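Below: one structure, written as C-alpha cells.
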Amino acid sequence: MKILIADRGGYCYGVQRALEIATDTAEASRGPIHTLGPIIHNPGVVGKLADAGVSPIQGAGEVDGGTVILRTHGVSPDVIAELESRGATVVDATCPYVKVAQEKASLLCEQGYLPVILGEHEHPEVVALAAHAGERAIIVENVKELDEASAAGAIRGKVGVVVQTTQSSDSLAALSERLAPRTRELLIYNTMCSATRKCQDEALGLAGRADAVIVIGGRNSANTTRLAQLCRAVQPRTHHIEETGELKREWFKEADTVAITAGASTPPEQMREVENLLRQWYSN
Ligand code: SF4
C-alpha cells in the first residue's frame, strides 16, 4: 500500500501560536487560568493543558478574577469588556488572520456598507465577526440563504462581504457571482485564511490520487468537517476520524493508495499514528 501524507495537514499557524501562548501563560501567571471554551477541538490536547493548570470555561459569567485566554476564533468586544469588569487579565490568542477579518467587519460597518458574512451561523468566529460588523450584519452560510435574504429585500444599498477564515474558495466564488448583479456597490474582503486554502488544495490533490482518504480531527471542528467534505467530493471513500482506533480494515479493501490529512486542530503526530497502523496492517 502506498501512503500519501499531507505536508500541510495538522496544526495551522494560528493554533500552534495559541497553544504556545497558553503554555507560556501557564508558566508565567498566578491564580486560576482559563480558556474561554476549549482552546482547540482536541480533547487530548485540552486535557494536557488542564494538567498544566489551564482549564476551559464556557462563558465570561463564570469568571472571577484570574487570567482568561481567548482562543483563535476571537470574541466580541462586549465579551472582553465583561471579562475585564470581572477582574480578569485577558490574554488574546485570537489568530492574527481572524483579527484581520474582525477589523474588516468593523470597517464595513463604519463605512456604511451592509455587512454580509459568509460563514456558519453558530460558529464562535462568525458570532464574533457579526458583533464587530454591527447590528445590520447578515450571516449567510451558502447561496441559498443569500437568495432567501435577497428575496426578503434584506440585500440593499452598498454591500460589503467578509468571510469566515475557514470557508472554501468555491463558496466565496459562488456568493460573489450571485451578489454582484444585485448590488450597486460591492466590496469583498477575502478574509479566508491561506493556511486553510493550502491545506484544502493539497488534500484535494492527494484525494485525486488515492483510493481512500483519512481525514483526522474533531467532529465538532468546522475546519476538519469541511476538509472531509471536500475530499469526499473527489474520493467518496473518505473517512473522517477523531482517533486512530476508529480505523476499520474494510475501508481499505483493494485500496492501493491511501491519503492521510488532518484539520488545523490536530497534532501532526496523529497522522503518523494512522500511517503506522496502516503500515502494520498492510506491510506485506
Ligand atoms: S485556520 Fe487560519 S485563521 Fe484559523 S487559526 Fe489557523 S491560521 Fe488562523
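Filter region 139-160 for residues that are modelled with pLDDT of 95 or more, open to solvent by less than 30 Å² (accessible area, probe 1.4 Å) and in contact with a Leu (Cβ under 8 Å, 6 or more places away or on another chain) and give the result. Scanning region 139-160 gives Val140, Leu146, Val159, Gly160.
Pairs linking a residue in region 74-97 that is touching a residue at least 40 places away in the same chain (Cβ under 8 Å) to a residue that is buried (at least 18 other Cβ atoms within 10 Å of the Cβ) and of a type in the set (Asp, Glu), with Cβ atoms under 9 Å and 6 or more positions apart or on different chains, are Gly74/Glu125; Cys95/Glu125. Looking across region 216-263, the residues that are in a loop (DSSP other than H, G, I, E, B) and either surrounded by 13 or more Cβ atoms within 10 Å (Cβ to Cβ) or touching a helix residue (DSSP H, G or I) at 6+ places or on another chain (Cβ under 6 Å) (or both) come down to Gly217, Gly218, Ser221, Gln235, Arg237, Glu242, Leu247, Ala255, Gly263. Selection of region 113-125 for residues being more than 14 Å from the ligand (Cβ to nearest atom) and open to solvent by 40 Å² or more (accessible area, probe 1.4 Å) yields His121, Glu122. The helices (runs of 4 or more DSSP H) found wholly in region 1-101 and carrying at least 3 residues that are under 28 Å from Val161 (Cβ atoms) occupy 13-28, 77-85. Name the one entry in Thr196, Thr191 that is in a helix (DSSP H, G or I), in contact (Cβ under 8 Å) with a residue 40 or more places away in the chain, within 14 Å of the ligand (Cβ to nearest atom) and not hydrophobic (A, V, I, L, M, F, W, C). Sole residue among the options that is in a helix (DSSP H, G or I), in contact (Cβ under 8 Å) with a residue 40 or more places away in the chain, within 14 Å of the ligand (Cβ to nearest atom) and not hydrophobic (A, V, I, L, M, F, W, C): Thr196.
Put simply, of Ile69, Ile33 the only residue that is under 16 Å from Asp92 (Cβ atoms) and within 18 Å of the chain's Cα centre (by Cα) is Ile69.
Here Cys109 meets each of (1) within 16 Å of the ligand (Cβ to nearest atom); (2) in contact with a Gly (Cβ under 6 Å, 6 or more places away or on another chain); (3) assigned to a helix (DSSP H, G or I) with one exception, condition (1).
The values are calculated or read from the model by the stated rules, or taken from the named source; none is laboratory data. Here the structure is a predicted model, which means the values were calculated and not measured. Cβ: placed from backbone, ideal geometry, glycine included. Neighbour counts: every protein chain shown. Surface accessibility is based on the protein's heavy atoms, side chains included, excluding ligands, DNA and RNA. Shrake-Rupley method; radii C 1.70, N 1.55, O 1.52, S 1.80 Å.
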